[in-house]
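Participant: Okay, here's the structure, questions in a sec.
The values are calculated or read from the model by the stated rules, or taken from the named source; none is laboratory data. Since this is a predicted model, take the numbers as computed values, not measurements. When we count neighbours, we look across all protein chains shown, and the Cβ atoms used for this are built from the backbone with ideal geometry, even at glycine. Heavy atoms of the whole protein, side chains included, go into the accessibility calculation; ligands, DNA and RNA do not. Shrake-Rupley method; radii C 1.70, N 1.55, O 1.52, S 1.80 Å.
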Amino acid sequence: AFAQRVAEAFEQPLTLDDQTVDLSAGLGIACWPAHGADADTLLSRAEVAMYAAKRRTAGPLMYDAAFDASSAQTLSLLSELRHAVEHGELRLYLQPKLALDDGNVVGAEALVRWQHPEKGVLGPGYFIPLAEDTELIVPLGQYILRVACQQLYRWQQQPASAHLSLAVNVSSRQFEKAGFVDEVEQAIQTSRIDPRFLKLEITESLLLENTDSVIEKMLRLRDIGVSFSLDDFGTGYSSLTYLKKLPLDQLKIDQSFVRNALASSVDCA
């Protein structure tokens, strides 16, 4: 009952700098002596229950031994991922963007891979969902942005590649941070790049709440030359209203619509 009151307290909107902020809380509960006889065990199992609550988008959730198998693996992966972020095991891979008329490379999208010391190169599906669940997505995103700006700087020092743009995915958690605009500006200034060639890719989930705040941040960054792309359009809460309201430069239709466009008349239409 106490945990439920805590969860309900978090659900009350807050006002910060004239902006309404909505919160939610995942709470994990472990009880003595049923779930452990000492503090370390109880705290560990409460954390296991908390991650289970976050995955289920539930409020309070009592520890269950059935959580252990998946949670032990999750906690181990989380520890490894923290180490990877802190020790530079993440790598930037570039996916070229081609012009349809002549096939020339006009830019690239920055994709993150994990150079795991034992498991080799791991794709984002292996670790990005965990990073998003545990707030690690913020330092991970900051790292990718810095490395991408450094890559842009190298391109801009060579006449043959100075025209190339680079797109970087930005998570909702990263974008919603109060200092996000300042972080982008600092990355641009530190790397000494022309910001007109930096493109930030956002997803529709960012637009579900606080649309006005999102637009305000986008406009501030556009004022210094940064452009924006809306990713995965068509799979979520797609609305043409977004296209009217948002200062977008590019729309990326989700691959599920275009993957078979050359073979399927329905997809083509």
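Participant: Spin-label point model (7 Å from Cα, Cβ direction): what's the ALA39 to GLN115 distance in nm?
Facilitator: Between ALA39 and GLN115, the label points sit 4.1 nm apart.
Participant: Next up: Nearest 10 degrees, 0 to 90: what angle lies between the long axis of helix 137-156 and the longest principal axis of the chain (Cα atoms)?
Facilitator: So the inclination is approximately 20 degrees.
Participant: Would you mind counting up the charge near LYS245? Only other residues with Cβ under 13 Å from its Cβ, with Lys and Arg at +1 and Asp and Glu at -1.
Facilitator: Here the count lands on -2.
Participant: Extension gain SER79-THR20, at 0.36 nm per residue separation less the Cα-Cα distance, in nm?
Facilitator: Contour length minus the Cα-Cα distance gives 17.9 nm.
Participant: Also: Note the angle between two axes, namely the Cα long axis of helix 124-133 and the longest principal axis of the Cα atoms of the chain, as a number of degrees from 0 to 90, rounded to the nearest 10.
Facilitator: Compared with the principal axis, the helix lies near 60 degrees.
Participant: Order the following by accessible area, largest value first: LEU14, LEU246, LEU42. Probe radius 1.4 Å; ligands, DNA and RNA are ignored.
Facilitator: Working: LEU14 80, LEU246 10, LEU42 35 Å².
Solvent-accessible surface, decreasing: LEU14, LEU42, LEU246.
Participant: Quick one: with all protein chains in place, what share of the accessible area of region 94-221 is carbon or sulfur, to the nearest percent (1.4 Å probe)? Working shown, then result.
Facilitator: Numbers: 3250 of 6320 Å².
In region 94-221, the share of accessible area belonging to carbon and sulfur is 51 percent.
Participant: Next question. Rounded to the nearest 10 Å², what accessible area does ILE128 have for a 1.4 Å probe in the complete protein model?
Facilitator: Counting only protein heavy atoms, the figure is 30 Å².
Participant: Here are some values of Cα extents along the principal axes in Å: [x] 56, 54, 42; [y] 72, 46, 43; [z] 69, 47, 46. Which one was computed from this structure?
Facilitator: [z]
Participant: Compute the projected area of the convex hull of the Cα atoms of region 168-269, averaged over all viewing directions, and report it in nm² to one decimal place.
Facilitator: Directional mean of the projected Cα hull area for region 168-269 stands at 7.2 nm².
Participant: Could you grab the relative contact order for the chain? Cα pairs under 8 Å, six or more apart, rounded to a whole percent.
Facilitator: Value for the chain: 10 percent.
Participant: Additional query: Over region 141-269, what is the relative contact order in percent, taking alpha-carbon pairs closer than 8 angstrom and at least six residues apart?
Facilitator: 21
Participant: A further question on this structure: Output ³J(HN,Hα) for region 76-92: one whole-Hz value per residue in order, computed from phi by the Karplus curve 6.51 cos²θ - 1.76 cosθ + 1.60 with θ = phi - 60°, and x for Gly and Pro.
Facilitator: 5, 5, 4, 4, 5, 5, 4, 4, 4, 5, 6, 10, x, 8, 7, 10, 9
Participant: Sort 100-106, 183-189, 87-93 by packing, meaning the average of other beta carbons within 10 Å per residue, with the highest value first.
Facilitator: Highest to lowest by the protection proxy: 183-189, 87-93, 100-106.
Participant: In Å², and per residue, what accessible area does the chain have when probed at 1.4 Å with the other protein chains present? List each step's numbers first, then the result.
Facilitator: Details: 15540 Å² over 269 residues.
Per residue, the chain has 58 Å² of solvent-accessible surface.
Participant: Using only Cα atoms, find the angle between the long axis of helix 211-222 and the longest principal axis of the chain, and express it within 0 to 90 degrees, rounded to the nearest 10.
Facilitator: Taking Cα atoms only, the helix is inclined about 40 degrees.
Participant: Run the helix sum for the chain: -39,500 (n - 2.57) per DSSP H stretch of 4+ residues, divided by residue count, reported at 222 nm to the nearest 500 deg cm²/dmol.
Facilitator: -13000 deg cm²/dmol
Participant: On to the next question. Below 8 Å between Cα atoms, with a sequence gap of 6+, how large is the relative contact order for region 82-206 in percent?
Facilitator: So the answer I get is 23 percent.
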